[in-house]
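To keep things clear, I will list the structure first and then write my remarks on it.
The values are calculated or read from the model by the stated rules, or taken from the named source; none is laboratory data. All values reported here derive from a predicted model rather than from experimental measurement. A quick note on method: Cβ atoms are made from the backbone with ideal geometry, for glycine too, and the neighbour counts reach across all protein chains shown.
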Amino acid sequence: MKALLISDFSINNLSGYLKNDFIEQNLEIVIAPFNQVHQVLLDDTIECWNDRFDLGIVWTQPERVLKHFAAYLNGEDVNIEILLSDVKDFSNLLKVASNRLKTLFVANWSIDFSLNYQGILSAKSEFGIYDVLAKMNILLANELNIIPNIYVLNSQKWIAMSGGNAYNSKLWYLSKTPFHSSVFANASKDICSFFLSLNKPNKKLIVTDLDNTLWGGVVGDIGSENLVLGGHHSVGEAYKDFQLALKALTKKGIVLAITSKNEESVAMNAIENHSEMVLRKSDFVTWRINWDDKAKNIFEIAQELNLGLDSIVFLDDNPFERERIKHSLPEVLVPELPTDPLLYKHFLMQLDCFDSNTISEEDRKRTELYSIEKQRIEHKNGFNDLEEWLKSIDIKVKCEELNSENLQRVLQLLNKTNQMNLLTARYAEKELLDRSFEENHFTYAFSVKDNFGDAGLTGVIGLQVLEDTLTFTDFVLSCRVIGRKIEETMLSVAINLARKLNLKFVEANYIPTEKNKPCFDFFQNSKFEIQKNKFSWEVEKMYIRPYYIDLEIFD
Amino acid sequence: MSDLEKIKTIVFNAIDEFNLSQEIENKLEKSEEEVLFSRAGFTQVGKLDSLTLVYFLVTIEEHLQKNLGDSFNLKTQDLIDSKEVELKNIASLIKYIQHII
């Protein structure tokens, strides 16, 4: 992995932290010539652009890259419109440079707020430094947010986390480094976490304990009426806030489950009837409230939800239970919950394992979707024959080309799906968009619904014409709808397209990973001809798709 | 604990903090023999360049200020400008600090 750092100050300190934080990615860093930000962004003949970079990071000081802001800081009378015009010009340079990078992170601007720039006038609207800087940062974000591979990062957070010594005059005069090394340490952690969240699946499921985790006390001993939860009590309030924070995560697509050593009826009574409970039964997709080993419970929950153990986070106040899971299910993330419940919410909100660059409609509805899936499975159990069951649930599949409305969800599926994924290719937004403009390339998105509900956009195929063959560049299906013959329906769309384009073959080249064996198994049973990891279909041959699936294609 | 030992402990703590910002091959060892900086006349090659030397000295100064008070001044620019041997290795730097306290 290669990164380019562009700055108007000495940014070498950040380079050291990044190399340590990205140690698994073996990060190579190039630092662009010092204090030549405008030239570097504009001129792609400068030597530092000789390499191709996965990531560019631009971090500047506003008084050094915006001419009129420097004058403004020196007390000159500068019109706000002129300041904002400088911001637009600088944003345009960043947009140009972003074409040369897979991903570009731009740190927003900060100044040393400990300095007394304008006294009481600092906060005055239109004129005050706080207001001006906020306006500049908002405009920068608005200008850049429309570019798919640019992300604006909050440098003010890194500075605030470093406290009163964040700015260091001595370092500035001795080395042209404005910040204390702790600012760079904070920046590096965010940069690493954000970059990895773009390219690897985040956690999807929190399995939580109940007693002394979601509420204070042991419900089986003291009864639900005596639990410490909510009310005018610091600890009760902290537990309630912790539940609110967990509930907020469900809006980002994280689902919740319970494993707790309790009598189920007693625990469920508290969940359903305690007046201060935030999380109710409907907020959990499944639960194992029993006296069994929690490792066994978590394993069963993962199987039930068809999720990998590495997508699970386990929360429990009891160090013994945490150690048990760490030891027996090492793929599960087990954070060290603080001993003091007053710190639970803050601790949860500092975890970066739930970071995602997009939140789709499917994410917001995920808990509901799992609940519908539960009903579907119960219904399925009443049938002996899979086809009979599939016919009974009236499946409708909508196929449409990649467009601006489905782009984010398509990107999310491509980058986060592991099991039914032919090549496990991961994409930056810009790459996917660029590809969609190529004449010989096709990307289709599949949405699925049935009598039980709408699973949303759950499948993607990418196809490329190579001579007389239509080759899959992607074949991805969410685990939520695997096994409902959507896979076969997606194949039929590809074969029909090949026929329409007068091609002879459809080909799929499987690239094995640790997790995508289900995709190999599907193609192996698909009647495609197999040669090692390559599957092919002669277009002349009729491919019969499941006739009971109602397929609607939108061009 | 003697003054020299106290200074040595402070410098070693500063090395721990400094090393967090350095990639593996540039991390300093907590040893009095650790060579800091290469300069004409020094026979051994140090791990720091002119920029990382500044970061290191500022980190040491912060640690000394925590122990000796905010007014402590390592006189970093003088140290960097000097043609003397204070920056040769950790031992010589510790001696310099003991001298200016």
Legend entry - Evaluation of A:Ser356 against (1) in contact with a strand residue (DSSP E or B) (Cβ under 9 Å, 6 or more places away or on another chain); (2) crowded, with 16+ Cβ neighbours inside 10 Å; (3) modelled with pLDDT under 85 (one fails), failing number: (1)
Inset, instruction - With respect to A:Asp44, determine if the residue is assigned to a strand (DSSP E or B), away from every other protein chain (no Cβ under 14 Å) and more than 28 Å from A:Ile138 (Cβ to Cβ). - result: no
Legend entry - Those residues of the range A:496-525 which are surrounded by fewer than 16 Cβ atoms within 10 Å (Cβ to Cβ) and part of a loop (DSSP other than H, G, I, E, B), in sequence order: A:Leu501, A:Asn502, A:Lys504, A:Ile511, A:Pro512, A:Thr513, A:Glu514, A:Asn525
Inset, instruction - Please work out which residue is surrounded by the fewest Cβ atoms within 10 Å (Cβ to Cβ), limiting yourself to the range B:12-24 and to residues that are within 10 Å of another protein chain (Cβ to nearest Cβ) and assigned to a helix (DSSP H, G or I). - result: B:Ile24
Legend entry - Every residue from the range B:67-101 that is without any contact (Cβ under 8 Å) to a residue 24 or more places away in the chain, within 17 Å of B:Lys6 (Cβ to Cβ) and in a helix (DSSP H, G or I): B:Lys95, B:Tyr96, B:His99
Legend entry - Hits in the range A:26-58 - residues which are free of Cβ contacts under 8 Å to residues at least 40 places away in the same chain and under 10 Å from A:Ala3 (Cβ atoms): A:Leu27, A:Glu28, A:Ile29, A:Val30, A:Ile31
Inset, instruction - For B:Glu29, state whether it is within 14 Å of another protein chain (Cβ to nearest Cβ), more than 11 Å from the chain's Cα centre (by Cα) and of a type in the set (D, E, K, R). - result: no
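Here is a yes/no grid of residues against (1) modelled with pLDDT of 95 or more; (2) part of a helix (DSSP H, G or I); (3) not assigned by TED's automatic domain parsing to the domain that holds A:Ile222:
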{"residue": "A:Ala270", "(1), (2), (3)": "yes, yes, no"}
{"residue": "A:Leu279", "(1), (2), (3)": "yes, no, no"}
{"residue": "A:Trp287", "(1), (2), (3)": "yes, no, no"}
{"residue": "A:Gln303", "(1), (2), (3)": "no, yes, no"}
{"residue": "A:Asp310", "(1), (2), (3)": "no, yes, no"}
{"residue": "A:Pro338", "(1), (2), (3)": "yes, no, no"}
Legend entry - Some residue of the range A:83-93 being in contact with an Asp or Glu (Cβ under 8 Å, 6 or more places away or on another chain) and more than 26 Å from A:Tyr151 (Cβ to Cβ): no
Inset, instruction - Output the number of residues of the range A:355-385 satisfying the condition of being in contact (Cβ under 8 Å) with a residue 12 or more places away in the chain and either in a helix (DSSP H, G or I) or among the basic types (Lys, Arg) (or both). - result: 17
Inset, instruction - Go through B:Phe37, B:Phe72 for me and flag whichever is within 14 Å of B:Ile101 (Cβ to Cβ), surrounded by 15 or more Cβ atoms within 10 Å (Cβ to Cβ) and at pLDDT below 90. - result: B:Phe72
Inset, instruction - Determine, yes or no, whether A:Ala160 is surrounded by fewer than 19 Cβ atoms within 10 Å (Cβ to Cβ), in a helix (DSSP H, G or I), touching a Leu at 6+ places or on another chain (Cβ under 7 Å) and more than 14 Å from chain B (Cβ to nearest Cβ). - result: no
Inset, instruction - Determine whether the range A:136-156 contains at least one residue that is assigned to a helix (DSSP H, G or I), among the hydroxyl-bearing types (Ser, Thr, Tyr), within 12 Å of chain B (Cβ to nearest Cβ) and in contact (Cβ under 8 Å) with a residue 40 or more places away in the chain. - result: no
Legend entry - Failed item in (1) charged (D, E, K, R); (2) without any contact (Cβ under 8 Å) to a residue 24 or more places away in the chain; (3) not in a helix (DSSP H, G or I), with A:Lys398 passing the rest: (2)
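Condition check ((1) out of contact with any helix residue (DSSP H, G or I) (no Cβ under 7 Å at 6 or more places or on another chain); (2) surrounded by fewer than 19 Cβ atoms within 10 Å (Cβ to Cβ)) across all residues:
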| residue | (1), (2) |
| --- | --- |
| A:Ala185 | no, no |
| A:Phe194 | yes, yes |
| A:Leu198 | yes, no |
| A:Asn212 | yes, yes |
| A:Glu225 | yes, yes |
| A:Lys252 | no, yes |
| A:Leu256 | no, no |
Inset, instruction - Count, please, the residues in the range A:401-422 that happen to be modelled with pLDDT under 90, touching a helix residue (DSSP H, G or I) at 6+ places or on another chain (Cβ under 8 Å) and in a loop (DSSP other than H, G, I, E, B). - result: 2
